[in-house]
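To start, the structure itself, in C-alpha cells.
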Amino acid sequence: MADGRTTVLLSVLMFAAAAAFVEELNDSFMETKGDDEIWLIKFYAPWCTFCKQLDPVWHQIGSELRSLGSPVHVGKSDATANTGLAKEFRVRTYPAILMLKKNIKYNYSGARTKDGIMDFANRIAGPLVRSLSSLQLFQHAMSRHDVMFVYVGATSPLKGNYTSVAEQLIVHTYFFSASRDVLPKAVSLSTLPAVVVFKDGTYFTYREERDGDLKSWINRERFPNFSQIDSYTLYAMGETGKLVLLALVEEKHLGEESLRYKSLVESVAAEHRESYSRDMYFGFMAGSDYISGLVMGEIIVPSFIVVNLSNDGYFLPPGTVQTEHNLLDFLDGVLNGSVQGHGGNGAFQRVRRLVYDTRVTLAARPAVVNEDGTPLLTPLLGSHKKTSKKKSD
Ligand SMILES: *[C@@H]1O[C@H](CO)[C@@H](O)[C@H](O)[C@H]1NC(C)=O
Ligand SMILES: *[C@@H]1O[C@H](CO)[C@@H](O)[C@H](O)[C@H]1NC(C)=O
C-alpha cells in the first residue's frame, strides 16, 4: 500500500516523466532546433482557460507520439513570455496549435481533441501524397477516411498540380495516389491520369472544364455530402463557398421529431445530390448554441436552417416542413432568391454582432493564424472571425 508520501512522490515522478514528452520552448527555439525536425507546438497564455484544459491532452499526445515512435517532437510555449517565437508563428489567439516541418508552418483549426490533433500531426509528418501500392492498402485507407482524394495514373502535369494542391490543403485532408490496377475493377475511369474523390459510398472524377481549377474543386469536395457537423467543421465548410442545410437536433438523446428532421435532411442529401451538391452541404448538428450565436437569437430544437458561412447569412423555412417536398421547396427558394435571407455581414449586422458578442460570454475561436504571404495555407474566411461559443466558460 502506498502511503501518502509515496503517492506524492509517485505523482511527482509521473509528472516529470510526462513532462519530458512535451518540451517548453522559448525564443531561442528556431536557432536551436534541428533542420529536419518536425514539431507540434501549442502556444498558450497563462490566463487562458482553454489552454489549461488542453494541458492533459497535450501530455497524452506527447507520450503517445513518443511511444508510437513518431518523428514528431511535441512542444509548448508561453506566447506572452516568448513573444519572438509567437510572432514568428503569427500567433493571434490562444491556444494556437501549429506544426513546423521543413520550415513550413501548418495551422491546426479543428476540434481540440486528442484524436483530432494526433491525426493532424500524423498527416503533416507523413508524405504529402501517400502512395497506395495494393488493393488491400486502398481498402484499408477507404475504411479510415470518409472522403478520400486519389490521383490515378503515371507522372504527368496533372500530378504536378495535384502535388502542389496537396501542399496547400494537407492541413485539411489526406492526398493519395495509386496506379489504375490497384483500384477495384468496379471503378471506371474514362481517361488517365485522373483525380478521383471517393465519398458518400461512390466516387467522382475531377473534370477541369466542368469543375474549374483543381484546388477549388478539392476544397469544395473535401467534406461528405451528409454528416454530423460541429462548430469547427461548419466554420471550415465556409471556405468551400457552399451553403449548409442543417437539422438542429438535441444534444444527447434524439426525440422522435429530431430523428425525423435528421432523416429528412439525410434523404434529400442522398436522393437529390445531383441537384444540390454543387451549392450545398447537408448535415445535422447537436444542440443549437452555436447557431443561436450565429443568428444572434434563440433557435429552437429541432429546426431546419440553411447557413451561408461566406457572409454569416442564414435562411429559415417560411412555413412548416412536414415532407421532403416542403424541404425541397425551401432549398429551391433559398437558391432562387425567393426565400428571404437574414443576417449577413453588412454594417448593421456587424453592430448587432458586436453587441451580441459583448453580451454573451464567449471563448476564443478555434485558433486562427493566417499565414499571410505563404501560399501554403488556405486563406481563412475573409470578412468574419466568428467566435465559437462554449458553455463551459
Ligand atoms: C495545372 O494548373 C494550371 C493552373 O491552374 C492549369 O492552367 C493547368 O491546366 C493545370 N494542368 C492540368 C493538367 O490540370
Ligand atoms: C452567400 O454569401 C455570398 C457572399 O456574400 C454571396 O455571394 C452568395 O450569393 C450568398 N448565397 C446566398 C444563397 O445567399
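Going through Glu257, Glu221, Glu239 one at a time, which residue ends up being within 16 Å of ligand 2 (Cβ to nearest atom) and either in contact with a Pro (Cβ under 6 Å, 6 or more places away or on another chain) or within 26 Å of Arg207 (Cβ to Cβ) (or both)? Unique residue meeting the criteria: Glu239.
Does any residue of segment 280-300 turn out to be part of a loop (DSSP other than H, G, I, E, B), modelled with pLDDT under 95, within 13 Å of Leu245 (Cα to Cα) and not hydroxyl-bearing (Ser, Thr, Tyr)? No, because not a single residue in segment 280-300 is part of a loop (DSSP other than H, G, I, E, B), modelled with pLDDT under 95, within 13 Å of Leu245 (Cα to Cα) and not hydroxyl-bearing (Ser, Thr, Tyr). Pairing residues of segment 128-157 that are farther than 14 Å from Thr202 by Cα with residues that are charged (D, E, K, R), at Cβ distances under 8 Å and at least 6 apart in sequence or on separate chains, gives Leu128/Glu167; Ala141/Arg130; Tyr151/Lys159; Val152/Arg180; Gly153/Lys159; Gly153/Arg180.
For Tyr261, are the conditions met, namely being more than 16 Å from ligand 1 (Cβ to nearest atom), part of a helix (DSSP H, G or I) and touching a Gly at 6+ places or on another chain (Cβ under 6 Å)? When the stated conditions are applied, Tyr261 does not pass them. Scanning segment 130-140 finds no residues that are open to solvent by less than 50 Å² (accessible area, probe 1.4 Å) and within 17 Å of the chain's Cα centre (by Cα).
The residues of segment 191-236 that are polar (S, T, N, Q) and within 16 Å of ligand 1 (Cβ to nearest atom), listed by number, are Thr191, Thr205, Ser216, Asn219.
Filtered by the rule that a residue be in a strand (DSSP E or B), over 26 Å from Asn107 (Cα atoms) and either in contact with a Phe, Trp or Tyr (Cβ under 8 Å, 6 or more places away or on another chain) or not assigned by TED's automatic domain parsing to the domain that holds Arg210 (or both), segment 137-195 gives Ala178, Ala194. Check segment 62-73 and report whether any residue there is under 25 Å from Thr173 (Cβ atoms) and in a strand (DSSP E or B). Yes, segment 62-73 contains at least one residue that is under 25 Å from Thr173 (Cβ atoms) and in a strand (DSSP E or B). Lys252 falls short on exactly one of the conditions (1) in contact with a helix residue (DSSP H, G or I) (Cβ under 7 Å, 6 or more places away or on another chain); (2) open to solvent by 10 Å² or more (accessible area, probe 1.4 Å); (3) within 24 Å of Gly110 (Cβ to Cβ), and that condition is (1).
Given the criteria within 15 Å of ligand 2 (Cβ to nearest atom) and among the acidic types (Asp, Glu), does Asp312 qualify? The answer is yes for Asp312.
From the list Ser179, Ser216, the lone residue that is at negative phi, within 16 Å of ligand 2 (Cβ to nearest atom) and not hydrophobic (A, V, I, L, M, F, W, C) is Ser216.
From the list Pro157, Pro184, the lone residue that is at pLDDT 95 or above and open to solvent by 10 Å² or more (accessible area, probe 1.4 Å) is Pro157.
Residues considered: Val321, Val295, Val265, Val301. Of these, the only one that is hydrophobic (A, V, I, L, M, F, W, C) and closer than 30 Å to Arg207 by Cβ is Val265. For beta carbons closer than 6 Å, sequence separation of 6+ or different chains, a first residue in segment 75-90 that is within 19 Å of Thr49 (Cβ to Cβ) and a second that is acidic (Asp, Glu), there are no qualifying pairs. Among the residues of this structure, Ile305 does not count as one that is in a loop (DSSP other than H, G, I, E, B) and either within 26 Å of Met148 (Cβ to Cβ) or in contact with a Leu (Cβ under 7 Å, 6 or more places away or on another chain) (or both).
The values are calculated or read from the model by the stated rules, or taken from the named source; none is laboratory data. Small disclaimer: the values here were computed from a predicted structure and weren't measured. For neighbour counting, all protein chains shown are included, and Cβ atoms are generated from backbone atoms with ideal geometry for every residue, glycine included. Note: accessible area is taken over every heavy atom of the protein model, side chains too, but ligands, DNA and RNA are not part of it. Shrake-Rupley method; radii C 1.70, N 1.55, O 1.52, S 1.80 Å.
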